[in-house]
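Take a look at the structure below.
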Amino acid sequence: MSLYSSVTILQKYSGVLMDKNSQYTLPRVWEWSAENGGKFANINRPIAGSTHDKELPIGEHPLQLYSLATPNGVKVTVMLEELLALGHHGAEYDAWLVNIGEGEQFGSDFVQLNPNSKIPVLLDRSAKANTPVFESCAILHYLARKFGDLMPEDAAGHSECLSWLFWQESSASFLGGGFGHFYSYAPEPMEYPINRYAMESKRQLDVLDRLLAARNYICGDHYTIADIAIWSWYGQLVLGKVYEATEFLNTDSYTHVNRWAQQISERPAVKRGWVVNRVFGAEETQLKERHAATDIDALM
Ligand SMILES: N[C@@H](CCC(=O)N[C@@H](CS)C(=O)NCC(=O)O)C(=O)O
């Protein structure tokens, strides 16, 4: 054991390891305090499972989506609109709002579909047994396979696309769970986590910028589910649609990411999917639920 780690452990267990900003003293055993002051303090909890009985509504279409227009939710509504635009009528869907601020992700039916209690969740009622799919990138992959579109078919192209899809899923913890949380939602600015997550978010932007300097889309010449997943987070970040951090992170300097993000935001299906289950932002961009194409047409 190094001198550094033994000193740190000693300090931890004698309760003297403090955050220099908050004077936080590390307790011996962490305990849940519902009053931590963060933006989601009222819903965050260290326990899984449902908190109340609640049936989920079911509409008439083969695909039922339970979601909210966060970057993870937007991935799926954009994908469904892209599939419909490509002529896949089987991708017709009902999109129901799950208000996570009110704890609706802890309702009994929802938890049955997704034991992890997070939006988005898809229920495919056209499958033999009704098939629930959770995790936004798993939903993209499921839909791409079901309809045979927006994902390369050859083995090398397929695995490259999966690599970027998994990359996005893991990057979201740094950008959303890390940077976004400490920059936008924490009760007060804290230098250490903001530095750590701003640095990692910028490094990931640089990864994308170098990639997109040499290619039109994430996986080459064709738009795929990897673009949909990454645009929903990093595309929206550089376009100023999430976290209002374009100046703070100097996102204009990633010129290739900006070119790509702008190009994708102009796709009609992206514009359509982006408004679905949206209950924040400008009123004219909000469509609480979607049950028919005309619901979106009425807003456009
Ligand atoms: N890895 C998951 C993350 C889903 C996720 O974090 N969803 C958030 C909204 S973006 C949520 O439902 N939060 C509610 C909660 O944490 O209780 C995915 O990509 O689907």
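Computing FRET efficiency as 1/(1 + (r/R0)^6) for Gln262 and Asp297, where r is the C-beta to C-beta distance and R0 is 30 Å, gives about 0.80.
Short to long, the 20 Å bins of the Cα pair-distance histogram for the chain hold 30, 55, 15, 0 percent of all pairs. Label positions at Arg28 and Asp109, each projected 7 Å from the Cα along the C-beta direction, are separated by 4.7 nm. Extension gain for Glu60 to Glu102 (0.36 nm times residue separation, less C-alpha to C-alpha distance): 12.5 nm. Under a Gaussian network description of the chain, with springs only between Cα atoms under 10 Å, the residue in Trp32, Trp260, Trp274 that fluctuates furthest is Trp32. Between Glu55, Glu104, Glu200, the Gaussian network model of the chain with springs among Cα atoms under 10 angstrom shows the greatest mean-square fluctuation at Glu55.
Using Cα-Cα distances under 8 Å and only pairs 6 or more residues apart, what relative contact order does the chain have, in percent? Walk me through the intermediate numbers first.
Working: 422 pairs, mean separation 58.8, N = 300.
Contact order relative to length: 20 percent.
Bridging of Lys54 to lysines at a Cα separation below 22 Å is possible for Lys118, Lys288, once same-chain residues fewer than 8 apart are set aside. Just report the Cα centroid separation between the range 175-193 and the range 83-160, whole Å. About 29 Å separates the Cα centre of the range 175-193 from the one of the range 83-160. For the options Gln262, Gln204, Gln23, a Gaussian network treatment of the chain with springs between C-alpha atoms closer than 10 Å singles out Gln23 as fluctuating the most. Beta-bridge orientation, the chain: approximately 60 percent antiparallel, per DSSP, counting only bridges with both partners inside.
Placing unit charges on the Cβ atoms of the charged side chains and taking the dipole of the range 155-266 about its Cα centre, the candidate lying farthest along the positive direction among Gly157, Gln263, Ile228 is Gly157. Under the convention that each Lys and Arg Cβ holds +1 and each Asp and Glu Cβ holds -1, the size of the dipole of the range 155-266 around its Cα centre is about 160 debye. Computed from backbone phi with θ = phi - 60° and the Karplus coefficients 6.51, -1.76 and 1.60, the 3J(HN,Hα) list for the range 98-114 is 10, 7, 6, x, 9, x, 5, 6, 9, x, 4, 5, 5, 5, 5, 6, 9 Hz; x is used for glycine and proline.
Read-outs throughout are calculated quantities, based only on the coordinates presented, and are distinct from any laboratory measurement. Here the structure is a predicted model, which means the values were calculated and not measured. A quick note on method: Cβ atoms are made from the backbone with ideal geometry, for glycine too, and the neighbour counts reach across all protein chains shown.
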